[in-house]
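The next block holds one structure in the form of structure tokens; read it before the comments.
Each reported figure results from applying straightforward, stated rules to the coordinates on display, with no laboratory input. Predicted model, so just to flag it, every value in this text is computed and none were measured. Please note: Cβ atoms are built from the backbone with ideal geometry, for glycine as well, and neighbour counts cover all protein chains shown.
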Amino acid sequence: MEKNWVPSFGIMKLLVNGLAKDSKVEEAKELIAQVKEGFTRNVDLWNEVEAALPH
């Protein structure tokens, strides 16, 4: 993300879900926030992913 590049949505979603599965929900939410801030293309999809994370 430092070079204005991020892997595909599918890869990033797998990463976020993996973090959440390993009880790293806060890290997953931070990653989603960074992606949404820098790359507005899939914000609606990221909102859905974030809403599905455990609380």
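For the chain, the list of chymotrypsin sites (Phe, Trp or Tyr not before Pro) that fall in a loop by DSSP and count at most 15 other C-beta atoms within 10 angstrom reads Trp5.
Report summary: the helix-based calculation at 222 nm, which adds -39500 (n - 2.57) for every DSSP H run with n ≥ 4 and divides by the residues of the chain, gives -21000 deg cm²/dmol. The GluC sites (Glu not before Pro) of the chain that meet both conditions, a loop assignment by DSSP and at most 11 other Cβ atoms within 10 Å of the site Cβ, are Glu2. Shown for the chain are the DSSP H helices of 15 Å or more along their axis, judged by Cα atoms, with a mean Kyte-Doolittle hydropathy of at least 1.0: 9-21. Taking the fewest neighbouring Cβ atoms within 10 Å as the starting point, the ordered list for Val16, Val49 is Val49, Val16.
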